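Okay, structure first, notes after.
Coordinate-derived values only; no laboratory data. Since this is a predicted model, take the numbers as computed values, not measurements. Counting neighbours? That spans all protein chains shown, and the Cβs are built from the backbone with ideal geometry, glycine included.
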There are 2 protein chains.
Amino acid sequence: MSQNRSVEIIEVAPRDGLQNEKVMVSAADKIALVERSVAAGFRHVEAVSFANPKRVPQMADAEAVMEGLVGRHPGLNLIGLALNARGAERAVAARCTQINYVVVASETFANRNQNASVADLVAGTKEVAAIARAAGLPMSVSIATAFGCPFDGEVPVERVMAIVETLLASDPFDIGFADTIGCAVPPQVTEMLARAQALSRTVKWRCHFHDTRNTGVANAIAAVMAGVDFLDASTGGVGGCPFAPAATGNVATEDLLYTFDRMGIATGLDIATVIDTARWLSGVLGKPVPSALLRAGLFPARAA
Amino acid sequence: MSQNRSVEIIEVAPRDGLQNEKVMVSAADKIALVERSVAAGFRHVEAVSFANPKRVPQMADAEAVMEGLVGRHPGLNLIGLALNARGAERAVAARCTQINYVVVASETFANRNQNASVADLVAGTKEVAAIARAAGLPMSVSIATAFGCPFDGEVPVERVMAIVETLLASDPFDIGFADTIGCAVPPQVTEMLARAQALSRTVKWRCHFHDTRNTGVANAIAAVMAGVDFLDASTGGVGGCPFAPAATGNVATEDLLYTFDRMGIATGLDIATVIDTARWLSGVLGKPVPSALLRAGLFPARAA
């Protein structure tokens with residue numbers, strides 16, 4: 001049943017997973033979450049967000065989190081999210097090893113998330129790219145609401161491709177398609193990636209799925225089958241977006257790993273360690289997390 | 001994006017959905033659940049189970065439920081589940097229009113679910129088939145633990161196919177592959193259906209997925225792509241099995257409909273009505289139900 005495929009999963013629980021929680025997670029626990037992810041085999045972690053602390057107070061300690069991580073895990077890519085040039089400068093100063101800049105594909109969400117127009121956000125890529133280049137860092141760009149917007153509804157794939165074409169001029173390391181509100185279905189993913197791949201053979205492609213409408217695993221499979229390079233996922237399935245109503249968490253890392261492991265899709269990650277981390281994270285947050293695998297356990301059951 | 005495909009969904013919430021609930025749902029509410037399903041467009045409903053009332057007390061009022069339904073919904077297929085010949089006789093007496101007999105693919109589960117061996121259950125198909133034939137009713141057969149057993153672990157596809165070959169001798173209307181503990185992944189589904197279809201071109205094929213490990217939607221898509229005739233699903237995602245540890249509900253009907261509607265897979269069902277029913281059922285049960293669509297709402301949002 002092996003698919004002879006592999007995919008690199010980026011652990012985003014420390015950033016996307018925690019940014020919408022009511023509980024303020026300590027920097028020490030955020031650092032522990034990254035360290036547990038390293039132990040599970042992750043080589044890429046979105047560790048922090050350099051958002052405005054007044055708007056996203058859960059991420060106000062980004063510099064302190066980075067301070068506890070920098071230089072301690074050789075080979076670990078510590079990605080910092082930036083919503084603008086100011087965020088990118090903070091990411092460089094905090095010694096992130098990659099900057100993930102966010103643009104948006106729909107006007108109302110662009111306004112609510114970053115208080116800017118789609119055109120301004122896309123144009124801002126050049127400035128962020130210059131900051132990253134000057135620091136010798138790769139820049140990735142995430143396109144939020146790429147599959148649909150909670151306010152504007154359908155987002156035509158042509159509009160997303162037009163954004164991709166502009167982004168490519170800034171020579172990003174990867175471009176990610178974010179299903180911010182978990183509305184995508186697999187054929188959309190297949191089409192998005194096919195059209196994107198036709199625009200560049202050098203840039204890496206990434207998808208970021210939320211499981212809001214129970215399509216996260218199916219979309220992730222479709223992305224792998226379409227040859228996606230990276231998938232974002234969140235241990236425990238924690239997360240959501242402060243500016244997207246009814247958004248739920250990213251697809252749970254361990255739920256993806258269960259399916260991928262059983263399908264023979266290689267990730268290099270240890271699912272049992274990720275499930276342990278989900279259990280620990282549930283304790284930190286003081287509530288159940290959405291993870292199906294934490295609740296159900298592995299199949300076949302492993303000896304304890 | 002249309003797939004030019006269609007699938008017939010069988011609503012199983014009245015049976016599989018309620019058999020494991022702590023709350024005893026009244027016959028009137030069970031009847032109302034079926035009637036709401038008819039209003040949503042369903043033509044096939046697994047309405048009742050003729051299990052031993054001492055072992056599955058939630059289904060003890062099967063005859064009363066059927067009494068409230070028989071003859072009131074022209075064209076509606078009222079399926080009754082039978083675990084043995086006694087159950088099949090009760091289904092006939094209660095005027096079910098189809099009997100769904102259950103066999104099991106793994107020994108330990110066969111023993112716990114029906115206190116019999118796999119061989120005895122498979123052999124019992126002949127007796128149930130004779131009862132159905134004498135009453136002029138179609139018989140379907142569900143193969144439980146077809147993708148894995150909570151006690152015995154892996155279930156080889158060859159063993160399932162050997163069971164299928166024996167069942168075919170009884171000329172069933174359909175044969176269903178049940179992922180009783182929600183452990184299947186899509187390539188298993190694809191392989192199971194391809195091998196089954198090679199054994200008979202006349203019997204209909206059905207799949208029954210639980211969402212225990214977040215693979216229900218992906219498996220259902222794989223089944224449709226492989227040309228499955230019927231899918232079981234449960235409004236609200238309610239359900240579980242009294243004899244399978246950590247089993248959760250069937251994949252939610254409305255979660256399947258969201259994906260299928262967006263993919264252009266025709267079902268003839270109205271998702272908004274199903275979501276309304278899930279909300280009502282949550283009230284009847286006095287607790288949240290697993291449905292993602294009930295929580296998240298449709299995309300794009302519909303005018304109220």
Subject >> Kirkwood hydrodynamic radius (C-alpha pairs) into Stokes-Einstein, segment B:37-116, 25 °C and 0.890 mPa s, D in µm²/s >> reply: 185 µm²/s
**OP:** Would you mind pulling out the separation of the Cα centroids of segment B:4-54 and segment A:161-193, in Å?
**Re:** 41 Å
Original post:
If you count the DSSP beta bridges with both ends in chain B, what percent of them are antiparallel, to the nearest 5?
Top reply: 5 percent
Subject >> Projected label distance in nm at A:R95 and A:M161, using a 7 Å step from Cα toward the beta-carbon >> reply: 4.4 nm
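I want to verify the translational diffusion coefficient of the protein assembly as shown in µm²/s; compute it with Stokes-Einstein, Rh as the Kirkwood radius over Cα pairs, at 20 °C and 1.002 mPa s.
86 µm²/s
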Subject >> Spin-label proximity, A:A194 to segment A:152-173 - amide N less than 16 Å from point 7 Å beyond Cα toward beta carbon >> reply: A:157-158, A:161
Original post:
Looking at B:G268, B:A132, B:A60, which one has the Cα that reaches farthest to the positive end of the dipole of segment B:5-296 (charges on Cβ: Lys, Arg +1; Asp, Glu -1)?
Top reply: B:A60
Subject >> Simple Cβ-charge dipole of segment A:5-296, Lys/Arg +1 and Asp/Glu -1, about Cα centre, in debye nearest 20 >> reply: 260 debye
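For segment B:225-267, what number results from the quotient of the Cα radius of gyration and 2.2 N^0.38 Å?
Values: Rg = 12.4 Å, N = 43, 2.2 N^0.38 = 9.2 Å.
Normalised Cα radius of gyration, segment B:225-267: 1.35.
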Original post:
If the viscosity is 1.306 mPa s and the temperature 10 °C, what Stokes-Einstein diffusion coefficient in µm²/s follows for segment A:1-159 when Rh is the Kirkwood radius over Cα pairs?
Top reply: 97 µm²/s
Original post:
Given the options B:G264, B:G124, B:G182, which has the most mean-square fluctuation in a GNM of chain B, springs set between C-alpha atoms less than 10 angstrom apart?
Top reply: B:G264
**OP:** Would you list which lysines come within 26 Å of A:K30, measuring only between C-alpha atoms, while excluding same-chain residues fewer than 8 positions from it?
**Re:** A:K22, A:K54, A:K287
**OP:** Please identify, among B:T108, B:T145, B:T277, the residue showing maximal mean-square fluctuation in a Gaussian network model of chain B using a 10 angstrom Cα cutoff.
**Re:** B:T108
Subject >> Spread of Cα-to-Cα distances over 5 Å intervals beginning at zero, given as percent, for segment B:142-234 >> reply: 3, 15, 29, 27, 17, 8, 1
Subject >> Cα convex hull of segment B:5-296, projected area averaged across orientations, nm² >> reply: 12.9 nm²
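Counting other C-beta atoms within 10 Å, and keeping those with at most 15, which DSSP coil trypsin sites (Lys or Arg not before Pro) do you find in segment B:136-230?
Details: sites: B:R159, B:R195, B:R201, B:K204, B:R206, B:R213; in loops: B:R201, B:R213.
Counting only loop positions with at most 15 other Cβ atoms within 10 Å, the trypsin sites (Lys or Arg not before Pro) in segment B:136-230 are B:R201.
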Subject >> Beta bridges by DSSP in the protein assembly as shown, antiparallel share as percent, to the nearest 5 >> reply: 5 percent
Subject >> Separation between Cα centres of segment B:110-154 and segment B:242-304, rounded to whole Å >> reply: 29 Å
Original post:
About its Cα centre, how strong a charge dipole does the protein assembly as shown have in debye, to the nearest 20, once Lys and Arg get +1 and Asp and Glu get -1 at the Cβ?
Top reply: 420 debye
**OP:** Quick one: which residues, 5+ away or cross-chain, put their amide H under 5 Å from the amide H of A:Y101? H built at 1.01 Å from N.
**Re:** A:A82, A:S140, A:V141, A:S142
Original post:
Dividing the alpha-carbon Rg of segment A:217-289 by 2.2 N^0.38 Å yields what?
Top reply: 1.17
Original post:
Of A:R15, B:R36, B:R295, how do they rank once you tally other Cβ atoms within 10 Å and put the fewest first?
Top reply: B:R295, B:R36, A:R15
**OP:** Using only Cα atoms, figure out Rg for segment A:1-54 and give it as a multiple of 2.2 N^0.38 Å.
**Re:** 1.39
